[in-house]
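Notes for the one structure printed next.
Only the coordinates and a few stated rules stand behind these numbers; no lab work does. Since we're looking at a predicted model, the values are computed, not measured. Glycine gets a Cβ as well: all are built from the backbone with ideal geometry, and neighbour counts include every protein chain shown.
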Amino acid sequence: MPYRFATGDIKKIASRLGLQKVRDKVWSGTDIKGQFLQTYIHDHGDGVQIKTGTAKRQAEQMGFSDLEDMYDFLKNNRRKR
């Protein structure tokens, strides 16, 4: 099953991880383990779908093992990491 993310989903995940918008497209910060994270979010509106390859790259940059791990983090609000 392919996992689809919208720009708003990626921004929500980044915020929950403690990332903050530094510049126009750059979000960075440290997570609860002290690991530095940085990703690029091209904001074309919160409902705009992101291509799968871009979502995979962002998942890797934010420290997730794969898209399924990132999707589970998005859906489970109690999950810390």
| message | If I take R0 = 30 Å and measure r between the Cβ atoms of residue 32 and residue 4 in this structure, what FRET efficiency does the formula 1/(1 + (r/R0)^6) give, to the nearest 0.05? | response | 0.65
| query | Could you give the nm distance between label points at residue 21 and residue 43, where each point is 7 Å from its Cα heading toward the beta carbon? | reply | 0.1 nm
| What does the helix-only formula give at 222 nm for the chain: each DSSP H stretch with n ≥ 4 adding -39500 (n - 2.57), the total divided by the residues, and the result rounded to the nearest 500 deg cm²/dmol? | -10500 deg cm²/dmol
| message | Run the numbers for residue 76 and residue 11: contour at 0.36 nm per residue of separation, minus the present Cα-Cα distance, in nm. | response | 21.8 nm
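Taking the Cα centre of the chain as origin and charging only Cβ (+1 Lys, Arg; -1 Asp, Glu), how large is the dipole, in debye to the nearest 20? Before the final figure, lay out the partial values.
Numbers: 16 positive and 10 negative charges, 42 e Å.
That gives a dipole near 200 debye.
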| Out of [x] 48, 22, 22; [y] 43, 33, 19; [z] 31, 27, 20, which label holds the value of Cα extents along the principal axes in Å that was computed here? | [z]
